[in-house]
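J.: Dropping a structure here in structure tokens format, bear with me for questions.
All of the numbers you see were taken from the coordinates with simple rules; none came from a lab. Bear in mind that the values here come from a model prediction, so they are computed numbers and not experimental data. Every residue, glycine among them, receives a Cβ derived from its backbone with ideal geometry; neighbour counts consider all protein chains shown.
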Amino acid sequence: MDKPPERYDAHLTDFKGIAYIEGIDRYQDLYTRSIEDVEGFWAEQAREYLSWEKEWDSVLHYDFEAGNVEWFRGAVLNASFNCLDRHLGKGDNRVAYYWEGDDPAESRQVTFRELYRQVNRFAGVLKSRGVRKGDRVVIYLPMIVELPVAMLACARIGAVHCVVFSGFGSEYLTDRIRDSRARTVVTADGSSRGGSIIRLKENVDHAVQRCPDVDTVIVFDRCGLKPALDGRREIWWHEAVAQPSIPDHVAPEPMEAEDPLFLLYTSSSTGRPLGLVHTHGGYLLYAAMTTHLSFDLKPHETFWSTPDVGWITGHTYGVYGPLLNGLTSVLFEGVPRYPDFDRYWSIVAKYRVNKFYTAPTVIRLLAQHGTENVTKHDTSSLKLLGSVGQPIDPEAWMWYHQYPGRGVCPIIDTWWQTESGGHMITPLPGVAAIKPGSCSFPFMGVDPVLIDPDTGDEVRFPNQEGALFIRKPWPGMARTAFEDHERFRETYFARFPGLFFTGDAAKRDEDGYYWITGRIDEVINVSGYRMGPAEVEAALVLHPQVTESAVVGFPHRLKGQGIYAFVTLAAGSSKSDKIRKELIDLVRTKIGPIATPEAIQWADGLPKTRSGKVLRQLLQKIAAGNFDNLGDTSIISEPAIIENLIRERMGIDAS
Ligand code: WT7
């Protein structure tokens, strides 16, 4: 395969006269204004992108040292109104979702009008079950239309949705129901992925047994599994929405701009998952604007963001961003390999998708299965390809550009995070040459700073790596961790007073392009999914023969990073493949398949400081097979442990 060009600039001509933001000068004008006149700029955008029931008294208040941020104080709006009601009337026959089932024989179209109808009825059901403004509702559904319906119904009545990825197991679900103190769970009997059925309701049963406060479980009949419902707490979706007492219209609840819209749990480097809180005002504005500009989406175009709605990408670019802009998008229940590795491209051809957004790990997987899978389909509708979740390597860039992109689609490499709500650093089509592997320039309002970890000063030279911080608030940022503001402040604002810590490192080259070099905390990025070591460790030690474990990320060809577990067994246990398999099964059922360790290494002991802290950086190097430069090992309480670990590591095949 050819190497990618150092600079790709054909899109400057291809998007000429088309792009919303044309040319570097226009971008620079807008960007400068967004930084110098923060309030004026965002007030203008807020009027442009959203309908407000009442405008704000002031645009921005913040105190980064305390981790406090408030946008559009005094303003009132509703997310569901902005996604649906305001598109009614002319043009509401437009398709909101082309839904494509796991089984290619199943598909369905839902117009804006139909979505509006379903959201209203489901909002009525939630109300009839006593769900009120501010209550949390856990949504544990596969990629079916009912997932956005449930989210928007919550938003309509001011309830706070908390979507849990349907690929997560019962333990994860339990933790999230507990932490969010949700009393309502919306789920399905099962989900169909890659031809097999996952029994979601069984996971909910396990979870609800341990969450006595849950008083309502609404079950959508997706797979015809017909689980017995208890009838008091558990109700069928289809029966509930058909009740004559359920109204066709539920008035959208007036929400303050800073009222929470949703909670989304994400992994941090230590401890339990963090329930990040996103708001009605700022988040929606940022979702609408980044969707519109980063993908340069036009009203007649069809968009497809492949990541599951259970992740932030699905929230922002699968639900809120497209709907706020009144756009048509694809919602796909299945996986890229089923029935065959051409599935994505057959869907692109079927719906004439114009802009497509996925993760590099998917591209690497598909590239392994030949070009035929792409070329046998007509992908000529594609004009732009987005990338998210991980750095995109040159081979993946080139394959993506040449095959699905037919050598004419620019690749928009968007860097952002669950915390940021939307794109932070990204190329914009038609603005400037793209450098493959770089996420280019900051989005409007984003003021990145690189800090030298040794000196604590701002990085001075081009191409010098630094920890990536953000200097100013942007509307899409998370406001707090659910009922734990102190943890939020400490995680993001305590490293460097006055700056927001992203957890990533980056370089800025001589032309001002940013290059993300990876996490500098202990968060592991598996196939663009974020995992915290502590969560996997907690699952491993549930095994009766495990006394201790330490989990780190290591370089993995397809996934970016894989999970590598060091496990100490109780004295007398045999280090057998049987236990290894039990451990893998344990992680898969407790957390979910994405947390499956790629390698498990038996460790007679873990390297710790005298005060008992596990030296993870050292373990990361051992897991990577990188034994030179292990750093200062004199601080370890039992140095012989390292030799043992290295010896064991050499016998393991991990790549
Ligand atoms: C972490 C955030 C952004 C939504 C999906 C993941 C890594 C994300 C890129 C990119 C290099 C990237 C970072 C970031 N990341 N996008 N384009 N290039 N790295 O959201 O689960 O919150 O993970 O993903 O390390 O901090 P998330």
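J.: Among S268, A287, G321, whose Cα sits farthest toward the positive end of the charge dipole of region 246-338 (+1 at Cβ of Lys/Arg, -1 at Cβ of Asp/Glu, about the Cα centre)?
T.: S268
J.: Could you tell me the center-to-center distance, by alpha carbons, between region 51-71 and region 486-500 in angstrom?
T.: Going from one Cα centre to the other spans 19 Å.
J.: If you don't mind, another one. Indicate the gyration tensor shape class of region 52-167 (rounded, prolate or oblate), computed on the Cα atoms with a ≥ b ≥ c the square roots of the eigenvalues: a/c under 1.5 is rounded; otherwise a/b larger than b/c is prolate and the rest oblate. Walk me through the numbers on the way to the answer.
T.: Details: a/c = 1.95, a/b = 1.57, b/c = 1.24.
Prolate, because a/c is 1.5 or more and a/b exceeds b/c.
J.: Based on alpha-carbon centroids, what's the gap between region 234-295 and region 600-626 in Å, whole number please?
T.: 40 Å
J.: Here's another thing I want to ask about it. Take the eigenvalues of the Cα gyration tensor for region 275-410, scale each by 5, and report the square roots as semi-axes in whole Å, largest first.
T.: 25, 16, 14
J.: Expressed in nm to one decimal, what extension gain is obtained for the pair R210 and S128 from 0.36 nm per residue of sequence separation less their Cα-Cα distance?
T.: Values: separation 82, 0.36 × 82 = 29.52 nm, distance 2.46 nm.
Working it through step by step, the gained length comes to 27.1 nm.
J.: Quick check: net charge around I636, other residues with Cβ under 10 Å of its Cβ, Lys/Arg +1 and Asp/Glu -1?
T.: Values: positive: K608, R610; negative: D632, E638.
For residues surrounding I636, the net value is 0.
J.: Would you mind computing the Rg to Rh ratio of region 202-256 from its alpha-carbon coordinates, Kirkwood style for Rh?
T.: Details: Rg = 14.3 Å, Rh = 13.5 Å.
Ratio of gyration radius to Kirkwood radius: 1.06.
J.: On to the next question. For region 512-655, what class follows from the C-alpha gyration tensor (a ≥ b ≥ c being the square roots of its eigenvalues): rounded when a/c is under 1.5, otherwise prolate if a/b is larger than b/c, else oblate?
T.: Numbers: a/c = 1.69, a/b = 1.11, b/c = 1.52.
Verdict is oblate for region 512-655.
J.: What percent does the relative contact order of region 405-493 come to when contacts are Cα pairs within less than 8 Å and at least six residues apart?
T.: Numbers: 108 pairs, mean separation 19.3, N = 89.
It comes to 22 percent, rounded to a whole number.
J.: Out of all DSSP beta bridges with both ends in the chain, state the antiparallel percent to the nearest 5. Write down the numbers at each step before the final one.
T.: Values: 58 of 97 bridges.
Antiparallel bridges make up about 60 percent of those DSSP assigns within the chain.
J.: Amide H neighbours of T480 under 5 Å, counting only residues 5+ apart in sequence or on other chains, H built in-plane at 1.01 Å?
T.: So T480 has HN proximity to V277.
J.: Another question about this same structure. Could you give the radius of gyration (one decimal) and Dmax (whole number) of the Cα atoms in region 127-194, in Å?
T.: Looking at region 127-194, its Cα Rg and Dmax stand at 11.8, 37 Å.
J.: Follow-up question, since we're still on this one. Length gain on complete extension for the stretch L229 to Q464, per 0.36 nm per residue less the alpha carbon to alpha carbon distance? Intermediate values should be presented prior to the final figure.
T.: Numbers: separation 235, 0.36 × 235 = 84.60 nm, distance 5.95 nm.
That pair, L229 and Q464, stretches by 78.7 nm at full extension.
J.: Now, a different point. Apply the Kirkwood formula to region 405-512: the hydrodynamic radius equals the inverse of the mean of 1/r over all pairs of different alpha-carbon atoms; give it in Å with one decimal. If you can, show how the numbers build up before the last one.
T.: On the way: mean 1/r = 0.0662 Å⁻¹.
Taking every pair of different Cα atoms in region 405-512, averaging 1/r and inverting gives 15.1 Å.
J.: Additional query: What are the radius of gyration and Dmax of region 253-331, computed over its Cα atoms and given in Å?
T.: Considering region 253-331 through its Cα atoms, Rg and Dmax are 13.8, 45 Å.
J.: A follow-up question, please. I need the shape label for the chain. Rule: rounded when a/c is under 1.5, else prolate if a/b > b/c, else oblate, with a, b, c from the alpha carbon gyration tensor.
T.: Working: a/c = 1.39, a/b = 1.14, b/c = 1.21.
It is rounded, given that a/c, with a ≥ b ≥ c, falls under 1.5.
J.: Between the alpha-carbon centers of region 353-399 and region 403-454, tell me the distance in whole angstrom.
T.: When both Cα centres are located, 17 Å separates them.
J.: Still on this structure, please answer the following. Taking other Cβ within 10 Å of each residue's Cβ, how do I635, I392, I451 sort, fewest first? Numbers along the way, then the final one.
T.: Numbers: I635 15, I392 25, I451 19.
Going from least to most buried by this count: I635, I451, I392.
J.: Continuing with this model, one more query. Summing -39500 (n - 2.57) over the DSSP H runs of n ≥ 4 in the chain and dividing by its residue number, what mean residue ellipticity at 222 nm do you reach, to the nearest 500 deg cm²/dmol? Mind showing how you got there, number by number?
T.: Numbers: 20 runs with 190 residues, N = 655.
Theoretical 222 nm ellipticity from helices: -8500 deg cm²/dmol.
J.: Structure shown: which of K575/K621; K376/K590; K355/K559; K133/K298; K16/K559 lie over 30 Å apart, alpha-carbon to alpha-carbon?
T.: Pairs exceeding 30 Å: K376/K590; K133/K298; K16/K559.
J.: A follow-up question, please. Determine the gain in length on full extension of the stretch Y62-K16; use 0.36 nm per residue of separation and subtract their C-alpha separation, reporting nm with one decimal.
T.: Difference between extended and current length: 12.7 nm.
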